[in-house]
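K.L.:
Would you mind keeping the following structure in view while I ask a few things?
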Amino acid sequence: MDIKELIERMTIEEKAEQLTQVNSSLLNKKSIADITGPLSGLGLTFNQISGIGSTLNFSRVSDVIEIQENHLKIDQNSIPLLFMQDVIHGCCTVYPIPLAMGAAFSPELIKECAAMAARECVENGINVVFSPMVDMVRDARWGRVAESTGEDVYLNSLYAKAQVEGYHTQNVAVCVKHFAAYGAAEAGRDYNTVDMSEITLREYYLPAYKAALDAGADMVMTSFNLLNGVPAAANKKLVKGILRDEWGFDGVVISDYASFDEMMVHGIAENGFECAYKAMEATGDIEMVSLNYIRYLKELVESGKINMEQVNKAVERVLVLKQKLGLFDDPYINTKPKKKTLCKEHRAIAEKAAVKSAVLLKNDGVLPLSDSFKKIAVIGPFADTGDIIGAWHCYGNTNDAITVAAGIRSLLTAAEVHVEEGVGFEIGAQVDSKKLKAAVKLAKESEAVILAIGEPSSDSGEGTSKLNLDLSDGQYELLKAVVAANKNTTVLLFSGRPLTIKRFIDIAPAVLLMWHPGTEGGTAAAKLLFGRYSPEGKLPMSFPMSVGQCPIYYNRYNTGRPRTNNDIRSPYTSSYIDGSNLSLFPFGYGLSYTQFQYSEIKLSNNRLNDGDKITVSVKVKNVGKRSGVETVQLYIQDLVASVARPLRGLKGFKKVSLAPGESQTVEFAVDSEMLEFYNEDIIKSAEKGKFRAFVGTDSDTQNYAEFELV
Ligand code: BGC
């Protein structure tokens, strides 16, 4: 296919259509007569959609084939449609939500999961995944934290790269999103304003997008938010300036859903003509769902506001992607059954991911449970539901999910497993005395109780910001009553975000955070509870003590008046007068069924020459009675620099698997590149002076050694 020659032949109207993406419902019609209905509602004619470039929100592969067939019958230039879909944590086999995957501290694992999703995409008609979502998040009120891998730039960047590599194991294009800084929405309110210094933007928010692009991401989706006064889709400084000119990205830029139209709501465009103009000037290629390119691109070119080269360049990017994916040779390329969807191997990967992402928050010694128990109670709204797969689950089906009760039943075939709901999981769920009584009775009669509580999948994801991060009083009442009835109770916590659950933690003997663990969540939970594996997840996002602390994150800056004692009200220090500054659980936190002891840190040299390396090492010993895996974390603090530096930043981590009594020396190489940051002139370099290297079990560790960059 000679793309340049094809573009020569296309009319401006056809080019505008090629740059437009519509919902598949507009195209999924059998005859021209059928499509006049929805089209006339949009003020469109049949001709205006005959050359549409791409679509989203389709369902079965048979629909994909039919839509493509219909389209090719009417497209004057026979250009196949691109099918794009939100494949966020799996396609049909669903693995844990991205935030949970962050807790696994394992880029290799998310790569394996993304590769699995890609294998399902290529038999379900998907050409492009709207993933990875690499927005850095610090505010648990924002429901989309579930789609992110957490609050740390280093971890997110590794995960961004790994996901791109995973998807690219198949013929699937990758669209990284949402560019940029969508995760910093003020007050955690979805779509809200982002106003941010260039240092913060470049230091913390941009690197993960860049990492995805360096790994070969094919597309970029712009975000909904204002970034320093200009919505991303119209933000020339961001898209043309940073993404295109500075980073050299020449792939497709797509808007987020109807965000061209939203320029008018933001008040930076008076009409659709201006929306289309601003988007084209920012080098936006595809308009998702709204129709300003279709309506105004011709007029913009004819009036000389934009030139044909700009339009041609955008069309070329789209056609090059279609060519790269092989659509010109075979428009049905990703619709051939390969029998991978929900296969045994995929379920095993989903199970492994759910095991490795679970975080043990508390354990008074109840866990692991003995598998000689004969009578087990599974109580709570998540006891026997498939609604543990999480938000944005693509083609994942709650009916395919293994529930907690089912997971326990298939693991302990000789045990009786009884279920009581106790209370619902809705925000205002009240205790129903009959249900509570039944739950308490069951708890009393059982040897162990698994109390499965939390937030439903629909409480996280897009448009699910919250003012209150606690669980309902109904769930709390249930916990109190069940613990009073049976001390051998473990809370199995399901959630798409960090929660303010101190009151639950205080009275629960053990708490295992499963997040929204996907299709094999119940299998994983059972194997963890009954000690087939020891939990090894570490929090990728701080858990606030109180919602008033949000946003809360470990790599904060000091104030000039830091609070020195977190328990005492101290006047004129940077603190709250009615509560702690500390998180409930810090970033990197997570227990195991065994215990690990860290030795003092050793440095190969306490002077680091620019361009050289030193080794930071620590001995980690398993001093408990069981085998376990520890994620050893390295943080660095720059003590004095030309601009303030955070109290510490994650710079490396290593997993060690240790048998009881076993120890291992863990080494990290530290070089000057790891010490670089943006100064006031937005120049990135390392500055000479003193640093601290912290190595420990979480971001609160006080185990450190000092060195100097000379
Ligand atoms: C979301 C995107 C998503 C798009 C298409 C938007 O509302 O913000 O993340 O990719 O819809 O479904």
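K.L.:
What are the ³J(HN,Hα) values, in whole Hz, obtained from phi via the Karplus relation 6.51 cos²θ - 1.76 cosθ + 1.60 with θ = phi - 60°, for each residue of the range 6-17 in sequence order, with x given for Gly and Pro?
P.N.:
4, 4, 3, 6, 6, 7, 4, 5, 5, 5, 4, 5
K.L.:
A further question follows. Below 25 Å, Cα to Cα, which lysines can Lys344 reach? Residues fewer than 8 away in the same chain don't count.
P.N.:
Lys111, Lys336, Lys352, Lys356, Lys527
K.L.:
Considering the options Gly560, Pro509, Tyr533, tell which one lies farthest towards the positive end of the dipole of the range 466-595, charges being +1 on Lys and Arg and -1 on Asp and Glu at the Cβ, about the Cα centre.
P.N.:
Gly560
K.L.:
How much accessible area does His168 have with a 1.4 Å probe, in Å² rounded to the nearest 10?
P.N.:
For His168, the solvent-accessible surface is approximately 70 Å².
K.L.:
Please give the net charge around Pro660, taking every other residue with its beta carbon less than 12 angstrom from that of Pro660, where Lys and Arg add +1 and Asp and Glu add -1.
P.N.:
Around Pro660, the charge tally is +2.
K.L.:
While we're on this one: Ranked by accessible surface with a 1.4 Å probe, highest first, in what order do Tyr154, Tyr191 come?
P.N.:
In descending accessible area the options line up as Tyr191, Tyr154.
K.L.:
Moving to a separate point now. Can you give me the solvent accessible area of Leu367 with a 1.4 Å probe, rounded to the nearest 10 Å²?
P.N.:
10
K.L.:
When a/c is below 1.5 the answer is rounded, else prolate if a/b is larger than b/c, else oblate, so apply that to the range 344-419 with a ≥ b ≥ c taken from the square roots of the Cα gyration tensor eigenvalues.
P.N.:
Prolate, because a/c is 1.5 or more and a/b exceeds b/c.
K.L.:
Just how much of Tyr209 is accessible, in Å², when a 1.4 Å probe is used and the result is rounded to the nearest 10?
P.N.:
0
K.L.:
Would you mind calculating the relative contact order of the chain from Cα pairs under 8 angstrom and at least 6 residues apart, reporting the percent as a whole number?
P.N.:
Worked out over the chain, it gives 13 percent.
K.L.:
If the cut-off is a Cα-Cα distance under 21 Å, which lysines reach Lys15, setting aside same-chain residues fewer than 8 apart in sequence?
P.N.:
Once the sequence-local lysines are set aside, what remains near Lys15 is Lys4, Lys73, Lys240, Lys278, Lys298, Lys305, Lys313, Lys322, Lys324.
K.L.:
What ranking, highest mean first, results for peptides 461-468, 557-564, 234-241 when packing means the other Cβ atoms within 10 Å averaged over each residue?
P.N.:
By packing density, highest mean first, the sequence is 234-241, 461-468, 557-564.
K.L.:
How much of the DSSP beta bridge set in the chain is antiparallel, as a percent to the nearest 5?
P.N.:
Taking every DSSP beta bridge with both residues in the chain, the antiparallel ones total about 50 percent.
K.L.:
Calculate how large, on average over all directions, the projected area of the Cα convex hull of the range 383-458 is; give the answer in nm² to one decimal.
P.N.:
Result: 5.8 nm².
K.L.:
Something else now. Ordering His418, His89 by how much accessible area each has at a 1.4 Å probe, largest first, what is the list?
P.N.:
So, going from the largest accessible area down, we get His418, His89.
K.L.:
If you don't mind, another one. Between the range 59-76 and the range 370-400, what's the alpha-carbon centroid distance in Å?
P.N.:
Cα centres, the range 59-76 to the range 370-400: 37 Å.
K.L.:
Under a Cβ-Cβ cut-off of 13 Å, what is the net charge of the residues other than Ala212 that fall near it, where Lys and Arg count +1 and Asp and Glu count -1?
P.N.:
Cβ neighbours under 13 Å give a net charge of 0.
K.L.:
Further question: At a 1.4 Å probe radius, carbon and sulfur cover how many percent of the accessible area of the chain?
P.N.:
Exposed carbon and sulfur together represent 49 percent of the surface.
K.L.:
Further question on the same structure: As a test of the formula, what do you get for the chain when each DSSP H run with n ≥ 4 contributes -39,500 (n - 2.57) and the sum is divided by the residue count, at 222 nm and rounded to the nearest 500 deg cm²/dmol?
P.N.:
The per-residue figure over the chain is -8000 deg cm²/dmol.
K.L.:
Checking the cross-link filter: which lysines have an alpha carbon closer than 16 Å to that of Lys619, excluding same-chain neighbours under 8 positions apart?
P.N.:
Within the straight-line cut-off, Lys619 pairs with Lys602, Lys654, Lys655.
K.L.:
Please label the shape of the range 94-159 as rounded, prolate or oblate, based on the square roots a ≥ b ≥ c of the eigenvalues of the alpha-carbon gyration tensor (a/c under 1.5 means rounded; beyond that, a/b larger than b/c means prolate, else oblate).
P.N.:
prolate
K.L.:
If contacts are Cα pairs under 8 angstrom and at least 6 residues apart, what is the relative contact order of the range 38-109 in percent?
P.N.:
Relative contact order of the range 38-109: 28 percent.
K.L.:
Just subtract the alpha-carbon distance of Lys684 and Gln664 from 0.36 nm times their residue separation and send over the number in nm, one decimal.
P.N.:
Computed gain between Lys684 and Gln664 is 3.7 nm.
K.L.:
Could you order Lys437, Lys655 by accessible surface area, starting with the largest, using a probe radius of 1.4 Å?
P.N.:
From most accessible down to least: Lys437, Lys655.
K.L.:
For a Förster distance of 35 Å, can you work out the FRET efficiency between the beta-carbons of Gln595 and Glu706, rounded to the nearest 0.05?
P.N.:
Efficiency at R0 = 35 Å is approximately 0.80.
K.L.:
Something else: How large is the dipole of the chain about the Cα centre if only Lys and Arg carry +1 and Asp and Glu carry -1, each at its Cβ, rounded to the nearest 20 debye?
P.N.:
Charge dipole of the chain: 2120 debye, to the nearest 20.
K.L.:
Taking θ = phi - 60°, what integer Hz values does the Karplus form 6.51 cos²θ - 1.76 cosθ + 1.60 yield along the range 366-380, in sequence order, with x for Gly and Pro?
P.N.:
Karplus-based 3J(HN,Hα) across the range 366-380 equals 5, 9, x, 7, 7, 8, 8, 4, 9, 9, 10, 9, 10, 10, x Hz.
K.L.:
So, for the chain, what is the accessible surface per residue at a probe of 1.4 Å, expressed in square angstrom?
P.N.:
Computed with neighbouring chains in place, this is 37 Å² per residue.
K.L.:
Mean shadow of the chain, computed from the convex hull of its alpha carbons, in nm²?
P.N.:
Its average projected convex-hull area is 32.3 nm².
K.L.:
Sticking with this structure for a sec: Looking at the range 1-150, send over the antiparallel percent of its DSSP beta bridges, to the nearest 5.
P.N.:
Restricted to the range 1-150, the bridges split so that about 10 percent are antiparallel.
K.L.:
Give me the percent relative contact order of the range 218-364, please, defined on Cα pairs under 8 angstrom at least 6 residues apart.
P.N.:
20
The values are calculated or read from the model by the stated rules, or taken from the named source; none is laboratory data. Quantities reported herein were computed from a predicted structural model and do not represent experimental measurements. Because the Cβ atoms are built from the backbone with ideal geometry, glycine has one as well, and the counts that use them run over all protein chains shown. Heads up: the accessible areas ignore ligands, DNA and RNA and are worked out on the full protein's heavy atoms, side chains in. Shrake-Rupley method; radii C 1.70, N 1.55, O 1.52, S 1.80 Å.
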